[in-house]
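Below is one structure, written out as structure tokens; the observations come after it.
Quick note: the coordinates plus some simple rules give every number you see, no bench work behind them. Just so it is clear, the model here is predicted, and its values are computed rather than measured. Cβ: placed from backbone, ideal geometry, glycine included. Neighbour counts: every protein chain shown.
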Amino acid sequence: MRRLPGHPDTVRGYVPAATLAPLLDAGPLSVRHEVSGGAQEYRLSMSGVVLRRWTDEDLPVLQRSNTEEMTRYLGGPESNEKLLQRQVKNMRLWEAGEAHMFTVNTSWSRVPVGSVGYWKASNQNRDIYEAGWSIATQFQGRGLASNALEACILDAAAQNDRNTLFAFPRIDNVASNALCRRVGLIWQSEEDFEYPVGVPIRVNAWSVEQH
Ligand SMILES: CC(C)(COP(=O)(O)OP(=O)(O)OC[C@H]1O[C@@H](n2cnc3c(N)ncnc32)[C@H](O)[C@@H]1OP(=O)(O)O)[C@@H](O)C(=O)NCCC(=O)NCCS
């Protein structure tokens, strides 16, 4: 997403390190790095939701979320070519240390139920992480996005890289704004945004500080 200029950057969200550290060490979040079949697996588990590092088998996750309903606030369905580019990008950015994109998995679904992740971005000339998410329509409304985003926030904090994680849901995206509130992101302001490139939209800026 590309930002439009001109809005003050006021960050008030704060999760004390003392709160995060025990969670990362032993709490509800467990992190496992595995090497299987030559590929490194990177998994986070939280409250029954497992985040898995994006792999070359995960194009169907993007395809399943490419519906009118799922992309209503994201500019509508994308072309097959664009989905393929996104698939490659999700893996390339992780390799390059620019992003962590995950599939969202549960014990009761054979296929991933959605995606969540964060990437390096800039906000008012500050280096931040920006987060995004998607849970397939039939699996919504049971707390999956909340658990997935919480694990994601803790993973971002564990990088010890950027102090602030932002999300920018469109102001009329009721579910995504409720999700931000529910996981404890702090509302900062309404801002102008551009998504997809060339399409101006109005968003809420939500953030959490990670010290
Ligand atoms: C946003 C989204 C991920 C939520 O997934 P989910 O698994 O249903 O979310 P959860 O069950 O964890 O619920 C999180 C909050 O959203 C609310 N919510 C979920 N779906 C909602 C809906 N259709 N309308 C209103 N609120 C909704 C829940 O009630 C909950 O808030 P609460 O704790 O105040 O009750 C899902 O709707 C989605 O994938 N939307 C399309 C993708 C998208 O718009 N991404 C935006 C990127 S900025």
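Take N123 and decide whether it is in contact (Cβ under 8 Å) with a residue 12 or more places away in the chain and within 11 Å of the ligand (Cβ to nearest atom). No; evaluated as a whole, the condition is false for this residue.
May I ask you to list pairs of residues, at least six apart or on different chains, whose Cβ atoms are under 6 Å apart, with the first in the stretch 69-80 being closer than 16 Å to I135 by Cα and within 7 Å of the ligand (Cβ to nearest atom) and the second being of a type outside the set (A, V, I, L, M) and not in a loop (DSSP other than H, G, I, E, B)? The qualifying pairs are Y73/R170.
Considering each residue of the stretch 155-186, count those that are in a helix (DSSP H, G or I) and within 10 Å of the ligand (Cβ to nearest atom), and give that number. Number of matching residues: 10. When P112 is tested against (1) more than 20 Å from V61 (Cα to Cα); (2) within 13 Å of the ligand (Cβ to nearest atom), just one condition goes unmet, and that condition is (1). Tell me, please, whether a residue that is more than 19 Å from L51 (Cα to Cα), part of a loop (DSSP other than H, G, I, E, B) and within 13 Å of the ligand (Cβ to nearest atom) can be found in the stretch 187-210. Yes - at least one qualifying residue is present in the stretch 187-210. Number of residues in the stretch 103-145 that are under 11 Å from the mean Cα position of the chain (by Cα) and not β-branched (V, I, T) equals 12. Could you grab the pairs with beta carbons closer than 6 Å, sequence gap of 6+ or different chains, first residue in the stretch 154-173 and under 15 Å from A121 (Cβ atoms), second one among the acidic types (D, E) and within 16 Å of the ligand (Cβ to nearest atom)? From residues that are under 15 Å from A121 (Cβ atoms), the pairs are F166/E130.
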